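Notes follow the structure.
The values are calculated or read from the model by the stated rules, or taken from the named source; none is laboratory data. These numbers come from a predicted model, not from an experiment. We place every Cβ from the backbone using ideal geometry, glycine too, and count neighbours over all the protein chains shown. Accessible surface areas use protein heavy atoms only, side chains included; no ligands, DNA or RNA. Shrake-Rupley method; radii C 1.70, N 1.55, O 1.52, S 1.80 Å.
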Amino acid sequence: MQQIKTFAAVAFVLAASASLSPARSQTEPNLHHVKKIFLETQTNGDLGELGMAAFRNSHAALKEALSTYGFIVVDDRADADAVMYGGNTKEWVVLDGPQLDPPKHGFQFWVVSSKYGFKWLTEFDLSTRAVEPELGRKATAKAARNLFDAWKKSAARAGLRVGDRLP
């Protein structure tokens, strides 16, 4: 019986991973064009209303995290190079045994640009006992770092000089 539960859990994780793998690309060739970002406020197909409400609550922390790398958060979508949204999209639950300590939280953040024709996604897990708003601050800091790392890879491939911040 234990083997069946373990197999079912592993099969579920593999199926979920396989369905997400095309969108998990960390390298986007046009990402280096993005400097101005609009933080989404409307619900969309990737993130439901609850997720978007939590994302709106993290705007201040995300704006601060992005600015440390030189990104500019703009108030008008028309002024932006791309739109960003995301947040806590999964909770890890152990079905057979004690719960994880510290708890594990899964996050996804998207950057979409119709101007440059791409949709970039970063996914990561945080194991922490932190609760909101500290959990949100940790997640937005990691999302901003992942975005900047991908931006640097894109810039390097385009032959641009890359430093610790956007030029």
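Quick one: of Lys115/Lys152; Lys36/Lys104; Lys90/Lys115, which pairs are farther than 27 Å apart, Cα to Cα? If you can, show how the numbers build up before the last one.
On the way: Lys115/Lys152 19 Å; Lys36/Lys104 31 Å; Lys90/Lys115 30 Å.
Exceeds cut-off: Lys36/Lys104; Lys90/Lys115.
What is the sum of charges, Lys and Arg at +1 and Asp and Glu at -1, for the other residues whose Cβ falls under 10 Å from the Cβ of Ala61?
+1
Ignoring ligands, DNA and RNA, please state the percent of accessible area on region 36-87 from carbon and sulfur, probe 1.4 Å.
In region 36-87, the share of accessible area belonging to carbon and sulfur is 51 percent.
Find the accessible area per residue for region 103-160; the probe is 1.4 Å, ligands and nucleic acids are left out, and the unit is Å². Walk me through the numbers on the way to the answer.
Working: 2690 Å² over 58 residues.
About 46 Å² of surface per residue is accessible.
Please give the charge dipole size of region 53-96, origin at the Cα centre, charges +1 on K and R Cβ atoms and -1 on D and E Cβ atoms. Round to the nearest 20 debye. Walk me through the numbers before you get to the answer.
Values: 4 positive and 7 negative charges, 13 e Å.
The calculation lands at about 60 debye.
Rounded to the nearest percent, how much of the accessible area of region 93-146 (1.4 Å probe, protein heavy atoms only) is carbon and sulfur?
Carbon and sulfur atoms account for 55 percent of the accessible area of region 93-146.
For Leu160 and Arg77, calculate 0.36 nm times their separation in residues minus their Cα-Cα distance, and state this gained length in nm to one decimal. Show your work: numbers first, answer last.
Values: separation 83, 0.36 × 83 = 29.88 nm, distance 2.63 nm.
Difference between extended and current length: 27.3 nm.
Out of Asn88, Gly106, Phe118, whose Cα points farthest toward the positive end of the dipole of region 87-138 (charges: +1 Lys, Arg; -1 Asp, Glu; placed on Cβ)?
So the residue we want is Phe118.
Distance in nm between label sites at Arg56 and Tyr116, each 7 Å beyond Cα in the beta-carbon direction?
Roughly 2.8 nm, to one decimal.
With a ≥ b ≥ c the root eigenvalues of the C-alpha gyration tensor of region 37-167, is it rounded (a/c under 1.5), prolate (a/b larger than b/c) or oblate?
Prolate.
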